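S.K.: One structure, as structure tokens, below. Some questions next.
The values are calculated or read from the model by the stated rules, or taken from the named source; none is laboratory data. Keep in mind the model is a prediction, meaning the values are calculated, not measured. Note that we place each Cβ from the backbone using ideal geometry, even for glycine, and neighbour counts take in every protein chain shown. Surface areas here come from the heavy atoms of the whole protein model, side chains and all, with no ligands, DNA or RNA. Shrake-Rupley method; radii C 1.70, N 1.55, O 1.52, S 1.80 Å.
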Amino acid sequence: MREPRVPEGVLKGIRAPFLEGSPTPIDPPVIQPLAEMLDLSGESKREALFVVQGDAGAEACLRPDFTIPVVLEHLAQGGPARRYYYEGTAFRIPPPGRPAEFLQIGVEDFTGVTDAAIAGLAWRASLAGGRSDLSIRVGDVGLFRAFLADIGTPEAIAARLRRAFTRPHRLKAELVRASTPNAGAAKIAAILGGGSLETAAAAITQRWAKDGLEPVGGRTAQEIAQRLADLAEESRSPCLAPAQRGQIEAYLAIVGGPDQVRSAVSALVKGEATDRELNDAGSMLNDLGKQGVADERIQFEARFGGPFTYYDGFVFQITSAALGSERTVAAGGRYDALLSQLSGRKAAAAGCMVRPYRAWKDAPR
Amino acid sequence: MSAPLILALPSKGRMKEQVEAWLGEAGLTLKAAGGARGYIAALAGVDGVEVRLLSAGMIAAALDAGEVHLGVTGEDLLRERGEGAMSRISLIAPLGFGPADVVVAAPAAWIDVATMDDIDDVAHAYLARTGARLRVATKYLNLTRAFFAAKGVGDYRIVASDGATEGAPAQGLAELIVDITTTGATLKANGLLILDDGVILKSQFNLAASAGAVWTGGQKRAAKDLLQRLGLPADLAQIAE
């Protein structure tokens, strides 16, 4: 099923905020390399992908959104500091009764735009569709990072918790694991034998030979020794104190408007470093206000990590009360780490998109 | 003559033998119906039932599509058709044969890995080091995705594999596999080990009914009679309204 067209007059209004500052228009291919898409966005996205393949050649897919296609094209052009504007059809295998082909308009910004500015853009574009029941849900894994540091979470544990942030089940498991002393420590120590990494790797190689094991699977004895050493190190360091675990759980439960969030976070932290981070988050929420988003329209959720795995900072989602939380009107966020990894240098990346048909107040049901 | 009940059974190999033995216990025998190159049969002495001999995978697809009323096939193949399919297919009874587990197996050489938690750890390090995700070779795309999601493991990628999946790690095509195993011997011979919490599904042959098929009164009666002869619960209310 295909989404009906949005009248040009309505589209013009929705498009206008995206055209501010004359961004570079970009029109990435509809057909994208499947392997690269999955490597960058994760296997969980395969479910919604239309996979296409001819008689020969690698598998491809229809673009499910524009972010990765734009990033790939941006890098192919040498990665200039630029903002790109796109408008086109995206394709996803939909839930029953929803369109598989739909229009998206958006920007991907590589100039270092602020979080609030990118969310403000999406907000104004969404409003241009005429709905008066919009609200914006925001989250920030960066704030979680700062919070963990502030309450003195051991770094190895903090790293695991940050990684698990977008996966609730994993996060719960990691909290349990972090507060339980590691029983496998003695076993690991026995394998390592207290020697150097080289000695441990040699011991692993010997053990493979003795047990007749082929070292299949793309990990060397050195890598395995390194991980065992890391585990041993971790098992020697203190585990998460019950009080810390309680604080983390309390933090993750924070949901509310800007004022509630400021006081809830203040109640949980004391250190100066996080006050600064907290101020950053506070100023992000203030700046959203300056972008014309009323406080009662903003809901901060500590747990909200965004729909895609590559977002690693601020994320947001704009929904309409009439459409419900499943049918997102607009969304976006920051993905500095993805771009830094792909370009091999420190880079800033943020983007957002709106679905005009959903923003359009008078869209036929 | 009214339309017969259509029963799909495995067409070849060990699976066919096991199904014939199971029918035999109830005093039923398959009778080739000639023509159609032996892909259509009947049950001797049972009226109103047409037997179609199909591959196990095709039986699962035919039940899902409503092309047959009843079928015998592996639970793994039914569940692989996805959550949606399980609302269109109803498992009537496990048959006690064809047992096999769908499992996650990792290289036995990874002596630091025993659980899905370890896989999450290793997958993350692998992604950070190489920029690529750990590859999982399998023909069970849906079961794998659902299981990895339930375990909270995200940094991996599926490589579709249609045969000899257990060889993929040795061939350098994948790091892990998800495959079906009965004794684990083939996995072991390929240098692989089942993870402690890596059993996705304990599968066996099931008699299943298609809720999507068109059921006439006569076909429902035929199904009830057949289930009774097989000594199975004959309540079809759930599938055929």
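S.K.: Select from A:Gly289, A:Gly129, A:Gly324 the residue whose mean-square fluctuation is largest in a Gaussian network model of chain A (Cα-Cα springs shorter than 10 Å).
M.R.: Result for chain A, Cα springs under 10 Å: A:Gly324 fluctuates most.
S.K.: Which positions within the stretch A:205-227 get 10 Å² or more of their accessible surface covered by the other protein chains, compared to the chain by itself, with a 1.4 angstrom probe?
M.R.: Hits at the 10 Å² cut-off: A:Arg207, A:Trp208, A:Leu213, A:Glu214, A:Val216, A:Gly217, A:Gly218, A:Arg219, A:Glu223, A:Ile224, A:Arg227.
S.K.: Under 26 Å Cα-Cα from A:Lys12, which lysines qualify once same-chain neighbours fewer than 8 residues away are excluded?
M.R.: Result set, ordered by chain and number: A:Lys290, A:Lys361.
S.K.: Here is a further query. Counting only the backbone N, which residues of the stretch A:320-354 are under 15 Å from the spot 7 Å out from the Cα of A:Glu155 toward its beta-carbon?
M.R.: Hits in the stretch A:320-354 for A:Glu155 at 15 Å: none.
S.K.: Can you work out D for chain B in µm² s⁻¹ from Stokes-Einstein, where Rh is the Kirkwood radius over C-alpha pairs, the temperature is 20 °C and the viscosity is 1.002 mPa s? Please list the in-between numbers first.
M.R.: Numbers: Rh = 19.5 Å.
Translational diffusion coefficient: 110 µm²/s.
S.K.: Another question, then. Per the Cauchy relation, a quarter of the hull surface: what is the mean projected area of the convex hull of the alpha carbons in chain A, in nm²? Write down the numbers at each step before the final one.
M.R.: Working: hull surface 89.5 nm².
Averaging across all directions leaves 22.4 nm² for the Cα convex hull.
S.K.: For the stretch A:332-365 and the stretch A:1-54, write down the distance between their C-alpha centroids in whole Å.
M.R.: 10 Å
S.K.: Could you tell me the accessible area of A:His169 in Å² (1.4 Å probe, neighbours in place), rounded to the nearest ten?
M.R.: Rounded to the nearest 10, that gives 110 Å².
S.K.: Right, next: I'd like the interface area for chains A and B: accessible area of each alone minus the complex, both sides summed, 1.4 Å probe, protein heavy atoms only. What is it in Å² to the nearest 100?
M.R.: Details: alone 18180 and 11780 Å², together 26990 Å².
The A and B chains share an interface burying roughly 3000 Å².
S.K.: Counting only heavy atoms of protein chains, what accessible area per residue, in Å², does the stretch B:107-149 have with a probe of 1.4 Å? Please list the in-between numbers first.
M.R.: Values: 1280 Å² over 43 residues.
Here the per-residue accessible area is 30 Å².
S.K.: Moving to a separate point now. Determine the percent antiparallel among the DSSP beta bridges restricted to the protein assembly as shown, to the nearest 5.
M.R.: Working: 67 of 89 bridges.
The antiparallel fraction comes to roughly 75 percent.
S.K.: What FRET efficiency comes out for A:Asp287 versus A:Gln206 if R0 is 56 angstrom and r is the Cβ-Cβ distance? Round to the nearest 0.05. Display every interim value, and only then the final one.
M.R.: Details: r = 60 Å, r/R0 = 1.07.
E(calc), rounded to 0.05, equals 0.40.
S.K.: Separate question: Using a basic spin-label model with each label point 7 Å from the Cα along Cα→Cβ, how many nm lie between A:Lys12 and A:Gln341?
M.R.: With each label point 7 Å from Cα toward Cβ, the separation is 4.3 nm.
S.K.: Rounded to the nearest 0.05, what FRET efficiency is calculated for A:Arg365 and B:Ser87 with R0 set to 25 Å and r the Cβ-Cβ distance? If you can, show how the numbers build up before the last one.
M.R.: On the way: r = 25 Å, r/R0 = 1.02.
Using R0 = 25 Å, I get an efficiency of 0.50.
S.K.: Tell me, what ³J(HN,Hα) does each residue in the stretch A:238-249 have, in order and in whole Hz, if you take phi through Karplus 6.51 cos²θ - 1.76 cosθ + 1.60 with θ = phi - 60° and put x for Gly and Pro?
M.R.: Each residue of the stretch A:238-249 in turn: x, 8, 5, 6, x, 5, 5, 4, x, 4, 5, 5 Hz.
S.K.: Which length gain, in nm to one decimal place, applies between A:Ala348 and A:Thr114 when the Cα-Cα distance is subtracted from 0.36 nm times their residue separation?
M.R.: Values: separation 234, 0.36 × 234 = 84.24 nm, distance 0.99 nm.
Extending this stretch completely gives an extra 83.2 nm.
S.K.: Also, quick follow-up: Count charges around A:Ile68 for me, please; just the other residues with Cβ under 13 Å from its Cβ, Lys/Arg as +1, Asp/Glu as -1.
M.R.: That works out to -3.
S.K.: If R₀ is 25 angstrom, what is the calculated FRET efficiency for the pair A:Glu47 and A:Lys172, using the beta carbon separation as r and rounding to 0.05?
M.R.: The calculated FRET efficiency here is 0.60.
S.K.: Tally up the carbon and sulfur contribution to the accessible surface of chain B as a whole percent, 1.4 Å probe, everything protein left in place.
M.R.: 52 percent
S.K.: Whose amide H sits under 5 Å from the amide H of A:Arg83, counting only residues 5 or more places off or on another chain, with H placed in the peptide plane?
M.R.: Those qualifying (amide H under 5 Å, at least 5 residues apart or on another chain) are A:Thr24, A:Phe110.
S.K.: Past 26 Å, Cα to Cα, is the threshold; run A:Lys210/B:Lys151; A:Lys45/B:Lys188; B:Lys16/B:Lys188; A:Lys45/B:Lys151 against it and keep the listed order.
M.R.: On the way: A:Lys210/B:Lys151 33 Å; A:Lys45/B:Lys188 32 Å; B:Lys16/B:Lys188 28 Å; A:Lys45/B:Lys151 16 Å.
Pairs exceeding the cut-off: A:Lys210/B:Lys151; A:Lys45/B:Lys188; B:Lys16/B:Lys188.
S.K.: Along Cα→Cβ, 7 Å out, is where each label goes; now give me the distance between the ones at A:Arg5 and A:Glu101 in nm to one decimal.
M.R.: The two pseudo-label positions are separated by 1.3 nm.
S.K.: Kindly express, to the nearest 10 degrees and within the range 0 to 90, the angle between helix B:56-65's C-alpha long axis and the longest C-alpha principal axis of chain B.
M.R.: Helix B:56-65 and the main axis of chain B meet at about 70 degrees.
S.K.: What nm value, rounded to one decimal, do you get for the distance between A:Arg327 and B:Ala185 when each label is placed 7 Å out toward the C-beta?
M.R.: So the two model labels end up 5.7 nm from each other.
S.K.: Before rounding to the nearest 500, sum -39500 (n - 2.57) across all DSSP H runs of length at least 4 in chain A and divide by the residue total; then give [θ] at 222 nm in deg cm²/dmol. Let's see the in-between values first.
M.R.: Values: 15 runs with 166 residues, N = 365.
That calculation yields -14000 deg cm²/dmol at 222 nm.
S.K.: Let me ask something else about it. How big is the stretch B:100-203 in terms of Cα radius of gyration and Dmax, in angstroms?
M.R.: According to the Cα coordinates of the stretch B:100-203, Rg and Dmax are 12.2, 37 Å.
S.K.: Still on this structure, please answer the following. What is the distance in Å between the Cα centroid of the stretch A:192-250 and that of the stretch B:119-191?
M.R.: Cα centroid to Cα centroid, the span is 21 Å.
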